[in-house]
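Participant: The structure is given below, and queries will be raised subsequently.
The values are calculated or read from the model by the stated rules, or taken from the named source; none is laboratory data. As the structure is a prediction and not an experimental result, all values here were calculated from the model. Here the Cβ is made from the backbone with ideal geometry for all residues, glycine too, and neighbour counts use every protein chain on show.
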Ligand code: SF4
Ligand code: SF4
């Protein structure tokens, strides 16, 4: 059985046992919506835009030249990357493509109800269109559709259609396999981000029943219990060989959701998710085998 199907069946089997949505489901949608709205607001408020239609490049509401705009954008962008790498790697919650990948896997693999078969892909397509429109508005002023020539409108429509269509094909065809094997940002953060201060800790081994659910639901095909031990994963897609489980982890928390199944609210779960204590960080093996 493909990993996506096996994973979704295990995860949704777990989630269906709950009377209300898991807190990570709510956090995932909340953070995703706020983050995506924040990115959209940057372009729509003229805080940041490189306009390749009529050259009105914007930075903090001021029109600037292309090279000046790139220079001003570079420092905050690099600072944000360093912060993500050093402090955390929350792409499992923040990244809109990851959220879309989940949606795609759910639409393909969860229970095959008729309503879901129709509604799932439609919802995916709607979100793909929205993300494509946000990406588009960073590079072309949306006013092109009102003030642009017929040729500009045609090119802009084609670009928007290609962006949405490409995203939809990736999401429906690959789901989270994109994150597991092909995501360029994931590889970048995996190679540079193994010193992150937060992640999964096998904090209470005594509470582990060895049910194996954490391994089955992991979208990155990792061993969450071996995270602090520094176990390595073989090369996968564009990801190079020798990266540790810790470097590949996208901090989605699905293993914690699985681990909570067998414990009551008062009990500590075997796995813990959050800032890592120093001993857990020290226990991490170097990324490359000696
Ligand atoms: S180890 Fe846990 S948090 Fe990390 S990717 Fe796998 S399921 Fe998500
Ligand atoms: S889900 Fe929790 S209890 Fe089950 S194997 Fe993983 S760590 Fe142990």
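Participant: Scan segment 159-176 residue by residue and report those that are out of contact with any helix residue (DSSP H, G or I) (no Cβ under 6 Å at 6 or more places or on another chain) and either at pLDDT 90 or above or not in a helix (DSSP H, G or I) (or both).
Facilitator: Result: 159, 161, 162, 165, 166.
Participant: Can you tell me which residue in segment 214-241 is nearest to residue 275 (Cα to Cα), limited to those that are away from ligand 1 (no atom under 12 Å from the Cβ) and touching a strand residue (DSSP E or B) at 6+ places or on another chain (Cβ under 6 Å)?
Facilitator: The extreme case among them is 230.
Participant: Still on this structure, please answer the following. Looking only at segment 10-25, count how many residues are farther than 18 Å from residue 107 by Cβ and part of a helix (DSSP H, G or I).
Facilitator: 3
Participant: Tell me the residue from 28, 71, 7 that is exposed (fewer than 14 other Cβ atoms within 10 Å of the Cβ) and either over 17 Å from the mean Cα position of the chain (by Cα) or assigned to a helix (DSSP H, G or I) (or both), please.
Facilitator: 71
Participant: Residues of segment 205-220 being more than 9 Å from ligand 2 (Cβ to nearest atom) and either over 18 Å from residue 185 (Cα atoms) or outside any loop (DSSP other than H, G, I, E, B) (or both), which ones?
Facilitator: The answer is 206, 218.
Participant: Report yes if residue 144 is on the phi < 0 side of the Ramachandran plot, surrounded by 14 or more Cβ atoms within 10 Å (Cβ to Cβ), within 14 Å of the chain's Cα centre (by Cα) and in the same structural domain as residue 78 (by TED's automatic domain parsing), otherwise no.
Facilitator: Criteria not met by residue 144.
Participant: Please go through segment 196-243 and pick out each residue that is out of contact with any helix residue (DSSP H, G or I) (no Cβ under 9 Å at 6 or more places or on another chain) and modelled with pLDDT under 85.
Facilitator: 234, 235, 241, 242, listed by residue number.
Participant: Looking at residue 276, is it within 14 Å of ligand 1 (Cβ to nearest atom), modelled with pLDDT under 90, closer than 26 Å to residue 30 by Cα and surrounded by fewer than 24 Cβ atoms within 10 Å (Cβ to Cβ)?
Facilitator: So residue 276 passes the test.
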